[in-house]
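Data first, discussion second: the structure below is written as C-alpha cells.
Read-outs throughout are calculated quantities, based only on the coordinates presented, and are distinct from any laboratory measurement. Just so it is clear, the structure is predicted and the values come from calculations on it, not from any experiment. As a convention, Cβ positions derive from the backbone with ideal geometry for all residues, glycine included, and neighbour counts pool all protein chains shown.
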Amino acid sequence: MSVALAKEVASLTAEVTELIERPAPPPLSVSVDEAARLLGVGRSTMFALLESGQVRSVKVGARRLVPRRALEELVADHDVSEAG
C-alpha cells in the first residue's frame with residue numbers, strides 16, 4: 001500500500017470513528033409514557049394534561065406522540081406562573 005493511500009485510509013477511518021462515536025440527537029417526540037417519565041408524573045396525569053390542552057400532542061398512525069418542545073413549554077410556563 002502506498003503512503004498516500006495509507007494516509008487516506010487513516011483519515012477516512014478517523015472520520016468514520018468520529019461519526020460512530022457522536023451521540024445521536026434526542027428524538028423530536030416521545031410516547032405518552034416517556035413524556036410522563038420525563039415530567040415525573042404518572043400516566044393518568046399525563047393523559048389529563050393532554051386532554052386539557054396543557055400539553056400538545058400529535059397523532060401518527062395509531063400512536064400519540066408528545067413533542068419534546070411541548071414538555072419544555074409546559075415546564076417554562078409553570079415556572080413563569082409560579083414566579084408571578
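Would you mind getting me the FRET efficiency between residue 45 and residue 72? Use the beta-carbon distance for r and R0 = 22 Å, nearest 0.05. E between residue 45 and residue 72, to the nearest 0.05, is 0.80. Model label points for residue 9 and residue 58, set 7 angstrom from Cα along the Cα-to-Cβ axis, are 4.5 nm apart. On a 0 to 90° scale, report how tilted helix 68-83 is relative to the longest principal axis of the chain, with both axes built from alpha carbons and the result rounded to the nearest 10. In the chain, helix 68-83 runs at an angle near 50 degrees to the longest axis. Shape verdict for the chain, please, from the Cα gyration tensor: rounded (a/c under 1.5), prolate (a/b greater than b/c) or oblate. Note, shape of the chain comes out prolate.
Over the residues of the chain, the helix contribution to mean residue ellipticity at 222 nm works out to -20000 deg cm²/dmol, using -39500 (n - 2.57) for each DSSP H run of at least 4.
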